[in-house]
Structures are given as C-alpha cells and as structure tokens.
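For reference, the structure is listed below as structure tokens.
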Number of protein chains: 2
Amino acid sequence: MLEVIAPLVITNTTKIVVLSLDGLAGLPRPETGRSELETARLPNLSALAAESACGLIRHVAPGITPGSGPGHLGLFGYDPLRYQVGRGVLEALGIEFDLRAGDVAARGNFCTVDGAGRISDRRAGRIPTEVCVKLTERLRGIRLPGVEVFVEPVKEHRFVLVLRGRGKGGALSGRLSETDPQQLGKPPLPVKPLTPKAKGMAQRVNAFVAAAKARLADAAPANMVLLRGFDQLPRLPRFPETFGLRPAAIAAYPMYRGLAKLVGMEVLKTGGTFAEEVATLREHRDAYDFFFLHYKDTDKAGEDGDFDAKVAALERLDGFIPELRALEPDVFVVTGDHATPSVLAAHGWQPVPVLLWSRYCGADPVNQFTERACAAGSLGVFPSHHLMPLVLANALRLTKFGA
Amino acid sequence: MLEVIAPLVITNTTKIVVLSLDGLAGLPRPETGRSELETARLPNLSALAAESACGLIRHVAPGITPGSGPGHLGLFGYDPLRYQVGRGVLEALGIEFDLRAGDVAARGNFCTVDGAGRISDRRAGRIPTEVCVKLTERLRGIRLPGVEVFVEPVKEHRFVLVLRGRGKGGALSGRLSETDPQQLGKPPLPVKPLTPKAKGMAQRVNAFVAAAKARLADAAPANMVLLRGFDQLPRLPRFPETFGLRPAAIAAYPMYRGLAKLVGMEVLKTGGTFAEEVATLREHRDAYDFFFLHYKDTDKAGEDGDFDAKVAALERLDGFIPELRALEPDVFVVTGDHATPSVLAAHGWQPVPVLLWSRYCGADPVNQFTERACAAGSLGVFPSHHLMPLVLANALRLTKFGA
C-alpha cells in the first residue's frame, strides 16, 4: 500500500485531524443490550457521524486483539503485520527513552526466586515504583563488554534494559530468546541466540542476568530479573516523506508520543488533560497539516471494567467535538486504536467505529457513532492501514493512478 | 485471481452484458444532500436494482483515484495494481493506433521555449488540433537508426510518439526517464536510460528531440516537444481464453475501444450515440457471449462539474434499460470505471455502485441504484477484479473449486 500511495502524493494546504479514542469500541452490557457508545449521550458525535462517511476498522486481522503498538501503527498507515515492533522497543518508547537505531531493548520484570533459584512470584509482589527506581540504580552499575548498559524503571516491577553498541563491535542483534519461563517453580531460562550472529549478545545478556542476581541477592522479594521481548527499532518508512505531510502528535501519555516519534512525527509539548491537548492543537494549527490527537480515558475505563466510567469518558469527549470542528480541519477522523470493552476489562478484537468527515466524504446512512450503526456505513469494514490513503484522498493530496 | 479462475472456466451458451457508465459515482450536492444518482429519476435502474445483487466497487485501493486504464482493466478482471499500463500506451490506445508488442510509445506535448531554450509554456498555448496535425507531419520525417518512427496527433498540443524496432536490432526498452521538467523556466531534460538495456533507446529519443527542435524552430508557440510516459504494451492474459468467452466491446470513444482491444476483445463498429451502441449490441447478440457496453455522457458531465447535466445523462441512460433487458442477457451488470463527482469536476476515489442481475444473484435489500443504497447491498464493497468471477459464476460458466 505505501509503495502505491507514496508516488501519488501531491502538495496541498489542507489540514487533517485524526482523533484516536483509545480502546474506543465496546460491547453491550448484558442488562441493557447496549454498548458503551450506545448508552452514552453523544449529540455532537452523532451529528458529525450524520455528515461523515462511517465504517469499522479492523486493525490487524479478524479475531486479533491489537496491542497499542500495532493499533496505532495501523492508524498511521503502516500495515501492522508487516511492520512489527517488539515489546522491548514499545516499553522503551513508553517511557520516552531515547532509543537509537541498533539499540537492543528488552522488557524486564523484577521477580522473586527461592533458595534453589526457582521463581515464586513473576512480579515480585508488584513492588512500589519507588523500590523499582532504587533497584534499577543498582543494576546500572553492571558493565558488559562492547556495549553501554541502560536500565530504566517503568512502573511497579517493570523496567527496560537497553544495550547500545560501543566502538567497532559491529551491529548488535536482538534475536534472543526470553528468560521468563512463564511458569512458577522453574528457574529463569538462559538467553539463547536465535541466529548465529546473536551469540555475543546472548553471552552479554546472560552475564547481565548473573550480575543482576548477585546485586539483588538481599533485595527480596525483588531478588531476580526476567527479560523478554528483545528487539531493535524497526525500519519504518518515515511518515512526513511518505505522505507529504508536516505531522504533529498531541498525546498526554508517553507510549503514544513514542509511537508517533517512531514514524517521524513531531511530538508537541502538551499538558496532562484533553482540554490542554485541544489547546495545544489550536495553538499549532498553522504550523502543521496533520494532527494525531490522542484521548486516553476511554481505554482506562474499559481496562478497569468500568462500563459507566467509559460512558462518562465518551460523554466528556463528545463535549470537545464542537471546539475541534471550529478549528475547521479539511479532514476530521474520529476512531480508535483497538476495542477495550468494559465487559472484557481488557483490549478486544472487535472492529472499531470510524467516522471520516470532509467535503468529499460522500453520504452514508449512518447518523450515530456506534459499533452497530457504523457497521452499515459506506466505508465498510476495512484494515486500519487503509485509513491514511482515504484521509489523503479526502484532503485532495493524492493524484490519479494511471492515466 | 486469474490463476484461480482460468482452470475453473467451463463452456455455456449464456449471454453477459456489462454496461459501464463512465464516471458513474458522484457526491451529494451541498444544497440538497443528494448525489447525482439520488437526484435523477431512474425508474428502470431502480426496478433492476430491486431484482439484482448490489454493492460498491473499489477499482484500485481505498483512497486511490483510478484513471480510465486501471478503471477498465479492473472491470475486465485484471488487478489494476498488477497489470499497469503506461501513459504512452494509453495515449496510443486512445487514438486507436495499431500498437504492437515491443513498440515503445510516449505521450508528447508541443511546448514553447524561449531563446535560451527554457520552457515558457508546457502546452504551447493549447494550439488548435489542425496545427498539431501539421506539426506532427513535420516530425514524421525524422529518421532514427534501427527503428521506425511514428508521430500521431491527438488533440490540441498532444501527440503520440511510437518507436518500432526494425530488423535485428534486438528488443527495444521503454525504461526511459521523461523530458518534461514539469516546471516553467527550465529547459527540457535529456532522456536517461533507467536500465542499462535502454541506453540505445535513450540515444535515439534524444536524437529525436534534437531533430524535432530543429524542425520546429520557426513554429512558435509550438517550437519544442516534451515527452513522457514511455512504455510498451503490457503482457496481459487474453480475455477470451482466460474467461472462455467470445467478447465484444461497443464503445463510441477510442480510448475504451483501445482498452478492450488490449485484452483481446473484438471491437465492434458502432455509431457515436448510445442508441447506436445499443443497436449494435442487438445486431450482434448471437455472435458473442460477452458484451462490454460503454456510456460516456456521465463522465463528461462530471468532468465539467455540471451536476444537472450528469443527472440528465443518468436519466437518458435509464431510458435504455428496458431495451437492454429485452435482449434477455443471462447476466446483466451495470457499474462504472471510476467516480466523477460533479462537485470535484474530476475523477474521484469514491467506490462505484454496481448491480448484478441474474437468475441466481440472490436477494438483497437494495431497491435504488445509488451510492448510499448500494453500500448496504449483498455484494459489499469489493475490488473491481473480483467482478468477472462473480459474473462468470452467475452465467454458470465456472465449475467447482476442489472436488
């Protein structure tokens, strides 16, 4: 798709806003038969849907529940099956670590092992984040041949390990097996190279684990580490050049800022509330022509399994729609990165409603922004990485294919 | 798709009519909220839609605006992303030039250059076609080593250059860069070979341009040429053998006759009006089993941005539907090659309504032939090259896949 689109891109002055409501899609609550979107009072979104082309986005494939990485990469125009981002990299992006090309990142857990070295708690009793911060400081002192070692706290028992090549050691490889046996009563596994080139890295990581064990001996319950999701930054075609846009990302949460940065968007400084995000957009309206705007509350409520809180989050968001429309984007998209149905209290595989407004979006019969209504929309059910071509077309930023 | 379909094709005596309404799909006029199809009185198409399976065709990919070439190749069963036809070839087909395998064709413009050789008008003030005819006669005299040179007028400043190999010079290559810098104030670019094999051709084309400049020195404003879209006939699986059909094309405009010929259809002689096209179909009903019938007026009105004229073109076409049904095709398809919304006054990326009638098409809820109604049809939104398999199936011309 990117190969087809890129040569067709033309210049224009049109403005695009893509609003991602994290975890947007839901499921009916058994007592009422109505989903969160069907329960919420959303006068502004309904009015917008009536003027828009609507549909459902399937982010990865039928039945596949997307993580935040693939969910957003799809919205940014990248086929999430083709461009995969490892867990270690996502975790590093999630704390806005300045990950560089060639760095190998892994997700780390502090865990508890017994006297025989067998895992008794994979999360070390979810130690407080302050303890995590102190323990990562201990691990930073570990020295490994030919690489710089970064150990960064995340939250509770989670941390990020990054190894960065030094001097002429040659390229590092992230093709390494995990140490987490995903089972209690077993010792952590040694890291194995998954390609011959990764042999040196496996030795280094095993040395790191041994050193970590020694340094954590007195730190029970966090007396050992587990490492998984070794990976390097993927080579992604850059968003600004591929789509001919000056893109800006506005997101209060670091993970989404990291994902936007990964594809080459400019990440704007903003506050922690959505009102501040909207103010940031207003302020920078003229300097960019593509805005990715992220709303987190819907996902948070869904993850908590709190149906009413998700309804409330949707209604709060609805109140911002007039303000966003007043900025007069030429293309305005409202959708999400994945479903987070409250009844699942987790990400879901369900397709996600999308509305696309432009002067040229065409009419469709949908006049409510719900899962059920959007299923009958003119956009149909489509893969997330087809959204950007539609957005560009509606922004009159694509020329004809073939004479 | 073709590889799957071809081995399943079986013989039958059923008749198929595919009616392509050029530029069919439109967009709502802001004042009424209704598209051209929704505004027109189309009693016959509505009745036919009510008895047909309906849907929307996406010709290339979401957001992609198809040119006439890819738009029609898709309807003929060829994936337009896989089978691409260059601009030079399309231009040659558009004047029904007898382009042969191996010929290299380019689109030419007469242009104006100043004393220093810099382009001051890329279209030579759109010289009248009569002047174009005279100037191409001058250029025909140019001789190049190892090739025959054809220079054919098109319309206004446009012409076609074709180079045909002579004797044993080996195969010609069309992998050449363009001479049009697409900018005023710059001189035309020299042609460069895009593969080592195209070196000889680049020399010949540069020699042609130099000779053309000399012969046009006194012909201002048309005192120079620009060449682009060098290409050769693509290797397309032949339509008659692939689909087991005796196909005939009925089209008043040369471009569509050329495209039909390209895939191996027989092009029937017809008059300039749609009534004459329908008469031609009636006359040849028994001699063929697949008819591609082309209606141009819808696209012309759309390109002119004339909403009312497009509505009128649709209503005129509607009047022919009973006559076409009276010919009792076993499969009758009405669709288009791309959208030409009047509000865009150009081709658009919007999917195009399709109706497919046969005794076996199944029921669906659609009883109007409009963009909005067809979005809810049982055929869904599908790629254009999936139409032919559906057509063949409904004509009982495909056997089972797998035992």
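Every number here is computed from the coordinates shown, using simple stated rules; none is lab data. No experiment lies behind these values; they were computed from the predicted model shown. Don't worry about glycine lacking a Cβ; one is built from the backbone with ideal geometry, like all the others, and counts go over all protein chains shown.
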Give the long-range amide H neighbours of B:G348: residues separated by 5 or more places, or on another chain, with amide H under 5 Å away, using H modelled in the peptide plane at 1.01 Å from N.
B:A339, B:T340
Alpha carbon convex hull of the protein assembly as shown, projected area averaged over orientations, nm²
41.1 nm²
Let me check I've understood the local charge: for B:R215, count other residues with C-beta under 15 angstrom from its C-beta, Lys and Arg +1, Asp and Glu -1. What total comes out?
+3
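Return the Rg/Rh ratio of the range B:90-231 with Cα-based radii and a Kirkwood Rh.
Numbers: Rg = 14.1 Å, Rh = 15.0 Å.
My calculation of the ratio gives 0.94.
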What's the FRET efficiency of A:E137 with B:F382 using the Cβ-Cβ distance as r and R₀ = 56 Å, to the nearest 0.05?
0.45
Could you sort out which of A:K186/A:K261; B:K192/B:K213; A:K400/B:K296 sit more than 28 Å apart by Cα distance in this structure?
A:K186/A:K261
HN-Hα J in Hz across the range B:225-237 - Karplus 6.51, -1.76, 1.60, θ = phi - 60°, x for Gly and Pro:
10, 10, 10, 8, x, 4, 6, 10, 4, x, 7, 10, x
For the pair B:E148 and A:T195, the simple spin-label estimate (label points 7 Å beyond Cα toward Cβ) gives in nm 5.4 nm
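Equivalent-ellipsoid semi-axes (√(5λ), Cα gyration tensor) for the range A:1-148, whole Å, largest first? Don't jump to the answer; show the numbers that get you there.
Numbers: eigenvalues 319, 136, 44 Å².
For the range A:1-148, the ellipsoid semi-axes come out as 40, 26, 15 Å.
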³J(HN,Hα) computed for each position of the range A:187-198 - Karplus, 6.51 cos²θ - 1.76 cosθ + 1.60, integer Hz, glycine/proline x:
x, x, 7, x, 6, 10, x, 8, 9, x, 4, 8
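What share of the DSSP beta bridges in the protein assembly as shown is antiparallel, in percent to the nearest 5? Numbers along the way, then the final one.
Values: 68 of 111 bridges.
In the protein assembly as shown, approximately 60 percent of DSSP beta bridges are antiparallel ones.
Nearest-5 percent of antiparallel DSSP beta bridges in chain B?
On the way: 34 of 55 bridges.
So the antiparallel bridges in chain B amount to around 60 percent.
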Tell me, what ³J(HN,Hα) does each residue in the range B:9-15 have, in order and in whole Hz, if you take phi through Karplus 6.51 cos²θ - 1.76 cosθ + 1.60 with θ = phi - 60° and put x for Gly and Pro?
5, 10, 7, 7, 10, 5, 10
Take chain A, connect every pair of alpha-carbon atoms lying under 10 Å apart with a spring to form a Gaussian network, then pick out the residue of A:A40, A:A393, A:A219 with the largest mean-square fluctuation.
A:A219
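Given Cα pairs under 8 Å that are at least 6 residues apart, what percent is the relative contact order of the range B:90-231? Each step should come with its number before you reach the end.
Values: 295 pairs, mean separation 45.1, N = 142.
After rounding, I find 32 percent.
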Tell me which residues come under 5 Å, amide H to amide H, from B:V267 once H is placed; ignore anything under 5 positions away on its chain.
B:A249
Please identify, among A:F292, A:F332, A:F150, the residue showing maximal mean-square fluctuation in a Gaussian network model of chain A using a 10 angstrom Cα cutoff.
A:F150
Taking every pair of alpha-carbon atoms in chain B, what share in percent sits in each 20 Å bin, from 0 to the bin with the longest distance?
26, 51, 22, 1
Under 5 Å from the placed amide H of B:V113, counting only residues 5+ away or on other chains, we find B:S120, B:N223, B:M224
So, in nm and shortest first, the distances from B:T195 to its counterparts in the other copies, with label points 7 Å along Cα→Cβ, work out as 3.0
Using a simple spin-label model with points 7 Å from Cα along the Cα→Cβ vector, what separation in nm is obtained for B:D304 and B:T399?
5.2 nm
Which of B:M1, B:M224 comes first, and how do the rest follow, when ranked by fewest Cβ neighbours within 10 Å?
B:M1, B:M224
In straight Cα distance, which lysines are under 21 Å from A:K199, not counting same-chain residues fewer than 8 positions off?
A:K168
With chain B treated as a Gaussian network of Cα nodes joined by springs under 10 Å, which of B:P254, B:P70, B:P30 yields the largest mean-square fluctuation?
B:P30
Just to confirm the numbers: A:G146, label point 7 angstrom along the Cα-Cβ line, distances to the other copies in nm, shortest first?
5.2
Using a Cα-Cα cut-off of under 15 Å, which aspartates and glutamates could be cross-linked to B:K15, ignoring same-chain neighbours fewer than 8 residues away?
B:E283, B:D286, B:D289, B:E328, B:D330
Cα to Cα, under 14 Å, and not fewer than 8 places away if on the same chain: which aspartates and glutamates meet these conditions relative to A:K300?
A:D22, A:E36, A:D308, A:D337
Inter-site label distance for A:R166 and A:D218 at 7 Å from Cα along Cβ, in nm
2.7 nm
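When only C-alpha pairs under 8 Å and at least 6 residues apart count, what is the relative contact order of the range A:322-376, in percent? Provide the component values of the computation, followed by the final result.
Details: 58 pairs, mean separation 16.1, N = 55.
The normalised contact order for the range A:322-376 reaches 29 percent.
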Distance between Cα centroids, the range B:206-280 to the range B:119-144: provide it in whole Å.
19 Å
